[in-house]
1. Identify, by number, the condition in (1) open to solvent by 30 Å² or more (accessible area, probe 1.4 Å); (2) within 14 Å of another protein chain (Cβ to nearest Cβ); (3) touching a residue at least 60 places away in the same chain (Cβ under 8 Å); (4) of a type outside the set (Val, Ile, Thr) that residue B:136 doesn't meet.
2. Only one of these is more than 9 Å from chain B (Cβ to nearest Cβ) and open to solvent by 50 Å² or more (accessible area, probe 1.4 Å): A:113, A:74, A:108. Name it.
3. Residues of region A:88-100 being within 13 Å of chain B (Cβ to nearest Cβ) and open to solvent by less than 60 Å² (accessible area, probe 1.4 Å), which ones?
4. Could you count how many residues in region B:168-221 are among the aliphatic types (A, V, I, L, M) and within 30 Å of residue A:97 (Cβ to Cβ)?
5. Tell me yes or no: at least one residue of region B:83-93 is of a type in the set (D, E, K, R), free of Cβ contacts under 8 Å to residues at least 24 places away in the same chain and open to solvent by 40 Å² or more (accessible area, probe 1.4 Å).
6. Looking at (1) open to solvent by less than 40 Å² (accessible area, probe 1.4 Å); (2) touching a His at 6+ places or on another chain (Cβ under 9 Å); (3) more than 19 Å from residue A:195 (Cα to Cα); (4) not aliphatic (A, V, I, L, M), which is the only condition residue A:103 fails?
7. Could you say which residue among A:120, A:80 is basic (Lys, Arg), touching a residue at least 12 places away in the same chain (Cβ under 8 Å) and open to solvent by 60 Å² or more (accessible area, probe 1.4 Å)?
8. Just to be sure I understand the filter: pairs with C-beta atoms under 6 Å, separated by 6 or more residues or on different chains, first member in region A:46-58 and part of a loop (DSSP other than H, G, I, E, B), second member of a type in the set (Ser, Thr, Tyr) and surrounded by 20 or more Cβ atoms within 10 Å (Cβ to Cβ). Which pairs pass?
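The values are calculated or read from the model by the stated rules, or taken from the named source; none is laboratory data. Note that this is a predicted model, so its numbers are computed, not measured. We place every Cβ from the backbone using ideal geometry, glycine too, and count neighbours over all the protein chains shown. Remember, those area values only see protein heavy atoms, side chains included, never the ligands or the DNA or RNA. Shrake-Rupley method; radii C 1.70, N 1.55, O 1.52, S 1.80 Å.
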Amino acid sequence: MTEPLVVLKDVQKHFGDLHVLRDINLEIGKGEVVVVIGPSGSGKSTLCRAINRLETVESGTITIDGKALPEEGKALAQLRADVGMVFQSFNLFAHKTILDNVTLGPIKVRKQKKADAEKRGMELLERVGVAQQAQKFPAQLSGGQQQRVAIARSLAMDPKVMLFDEPTSALDPEMINEVLDVMVGLAKEGMTMIVVTHEMGFARKAANRVVFMADGQIVEENTPEEFFTHPKSDRAKDFLGKILTH
Amino acid sequence: MGEILSNYDVLAAFWGTIQLSILGTVGAMLLGTIVAILRLSPVRVFQWIGTWYVNTFRNTPLTLLMVFSILGLSFILGIQLNTTDVSSNVFRWAVVMLSVYHGAFICEALRSGVNTVPAGQAEAARAIGLTFGQSMQHVLLPQAFRGSVAPIGSTIIALIKNSTVAQVIGAGEAANLMSTIIENEGSRFSVFLIFAIGFVILTLPLGLLFTSMSRRLAVKR
């Protein structure tokens with residue numbers, strides 16, 4: 001592992017009585033692809049969202065590229081610009097065209113010229129295979145297309161790391177692969193990625209490491225191969241038994 | 001009916017109503033947007049100020065606000081909006097009070113519009129690095145405005161009708177002339193008819209316009 005880009009140290013969080021993140025310690029190296037899996041309610045989405053402070057944590061520290069997550073304000077906005085995020089429900093800006101979705105960040109946050117941002121935006125849309133739809137609105141696209149646009153929107157900011165919060169969970173089965181293909185492509189190019197997913201195929205194909213979470217804790221960390229064939233903890237064996245048997 | 005129309009300048013009176021309504025609407029939209037941003041901001045103190053504004057002005061009768069503007073602010077505190085022309089001073093205060101009062105309703109209409117915007121939109125805006133102001137300006141408010149066209153339309157129509165309350169401080173508008181005519185000519189059905197039709201002409205097309213706009217501008221999700 002190279003120098004760590006994202007470091008979580010002793011992170012704790014409660015939702016009321018529920019201890020959603022317990023003693024989370026995790027380092028993600030530059031260029032590493034980490035897949036976070038676990039049963040629902042295990043805190044994996046919360047972990048993902050805590051990394052760009054969409055969820056606040058109660059104690060512990062999260063640093064990105066050596067800098068601790070700032071409090072709400074300009075500095076936090078700047079940091080978020082460097083951290084791409086892809087949501088389960090796409091969250092494309094519903095009132096803007098596909099191209100405007102991709103160029104909004106570069107123009108307003110990176111202060112790029114409109115023409116430059118649009119040129120790059122079209123390249124990115126081309127790359128994820130939705131350039132034909134550039135002038136349409138999000139509601140006119142299929143889920144798979146919307147999610148690929150969402151990935152392009154994140155990429156347009158040239159992020160240091162990308163977070164994927166269950167990117168394929170809201171998709172029809174036949175659309176999952178078109179999104180995973182884009183993600184595998186990104187992983188191959190050396191993008192640092194933290195991916196919360198149930199897609200074991202993606203984990204095997206693209207991940208350097210699998211992090212298994214249960215009840216707010218990191219129970220096990222291993223290479224995908226080792227984890228899927230020889231899970232160590234009973235919790236992981238039980239989970240894999242349930243999802244791999246059918 | 002004809003003699004009333006020829007003896008009194010009904011059109012000029014309605015022109016006063018129209019001016020009050022347009023200026024009041026502009027003021028109410030500005031104030032309402034500002035107060036809505038205050039109420040939606042993450043800063044507690046701003047939220048309190050916004051909430052205080054809405055609760056105070058939404059629950060104070062407009063008549064009271066109008067009377068207060070002239071008796072309280074203008075006569076006692078001496079705040080004149082036009083020091084040379086009394087009727088202009090009254091008219092301007094009427095605009096201010098219409099704005100202040102309906103601003104509270106516009107704020108709430110906008111907030112209901114914001115509630116039509118899914119939380120994910122704000123999260124996505126923040127996730128690409130937009131500041132609070134930028135996500136308001138480029139993502140949340142444009143969608144909120146589209147989602148609140150119908151309630152804003154209702155507020156503006158209410159404002160047009162409420163402009164008649166400015167009569168209590170003697171602002172030059174339709175209701176003011178109507179009471180003059182009734183005083184001079186007695187209360188006749190034709191007087192009622194003239195002013196009723198006048199307001200129908202002002203408000204009915206506007207209502208239809210807002211309904212069609214709310215349909216056309218709706219954000220497809």
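1. (1)
2. Every option except A:113 fails the conditions.
3. A:90, A:91, A:92, A:93, A:94, A:95, A:96, A:97, A:100, listed by residue number.
4. Total satisfying the criteria: 6.
5. yes
6. The one condition residue A:103 does not meet is (2).
7. A:120
8. Sorted first by the residue in region A:46-58, then by its partner, the pairs are A:55/A:46.
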